[in-house]
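Shown next, in structure tokens, is the structure this report addresses.
The values are calculated or read from the model by the stated rules, or taken from the named source; none is laboratory data. What you see is a predicted model, and the numbers here were worked out from it, not measured in a lab. Here the Cβ is made from the backbone with ideal geometry for all residues, glycine too, and neighbour counts use every protein chain on show. The accessibility values were calculated without ligands, DNA or RNA, using every heavy atom of the protein model including side chains. Shrake-Rupley method; radii C 1.70, N 1.55, O 1.52, S 1.80 Å.
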Amino acid sequence: MSETHRSRLSNPVKTLPDLGPLTGMMFKVIGNGTVPQSTISLVHLRAGQIVANSYLTAMHTDALREAGEAEERITAVSSWVDALVFTPAERAALALVESVLTAPPAGRERVSDAVFAEAAAHYDEKALTTLILAISQVNFFIPLALIGKPLPGQAASKQWT
């Protein structure tokens, strides 16, 4: 007997039509050019890995591949701390998303002054705000991915029940 896999929810954009324009505006704001799209995509991939979600991980991996990102860099995202393939600015962005999504040791801030200072050293105020909003963008979709369980590797039109 074969099991049919499908998401738990209907397409959220069909359920809440205002979601389409909202997410479109999010992409527009974050795509303002102050942070390279490759950096945003690396951050989004790392977020999917941190929350252990196959859908987000597959989606952002595919997007990086389609954008021509080197396979070595894509596979190194999960171990970025000791990988030598990222620029200092990319490393600062990955540290920022890691800090936001990973619980800190007891008694420590989630985003330390050192992590913030490193990010601020590589991004001006507009770019840093863009990077922060790119992290919030992926966080906006994490509950849909974790609760709704869209199907990894399937086209957007086929990922929902």
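Some values worked out for this structure:
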quantity: The chain: angle of helix 113-122 to the longest principal axis, Cα-based, in degrees nearest 10; calculated: 90 degrees
quantity: Kirkwood Rh in Å, taken over all unlike Cα pairs in the range 9-65; calculated: 12.7 Å
quantity: Rounded to 10°, Cα long-axis angle of helix 125-148 versus longest principal axis of the chain; calculated: 30 degrees
quantity: Range of Cα positions in the range 1-101 per principal axis (Å), largest first; calculated: 43, 41, 27
quantity: DSSP-loop GluC sites (Glu not before Pro) across the range 66-161, with at most 15 other Cβ within 10 angstrom; calculated: 109
quantity: Computed accessible area, residue 10, all protein chains, 1.4 angstrom probe, square angstrom; calculated: 60 Å²
quantity: Using alpha-carbon coordinates, inclination of helix 19-30 to the longest axis of the chain, degrees; calculated: 20 degrees
quantity: Over the range 70-112: Kirkwood hydrodynamic radius from C-alpha pairwise inverse distances, Å; calculated: 11.3 Å
quantity: Approximate spin-label separation residue 15-residue 38, in nm, with each point projected 7 Å along Cα-to-Cβ; calculated: 3.7 nm
quantity: Rounded if a/c under 1.5, otherwise prolate or oblate - the range 40-159, Cα gyration tensor axes; calculated: prolate
quantity: Probe 1.4 Å, all protein chains present, accessible-area order of 102, 15, largest first; calculated: 15, 102
quantity: Hits among lysines - C-alpha to C-alpha of residue 14 under 25 Å, sequence gap 8 or more where chains match; calculated: 28, 149, 158
quantity: Between the range 1-66 and the range 114-141, the Cα center-to-center distance that results, in Å; calculated: 18 Å
quantity: Solvent-accessible surface (1.4 angstrom probe) belonging to residue 46, in square angstrom, nearest 10; calculated: 30 Å²
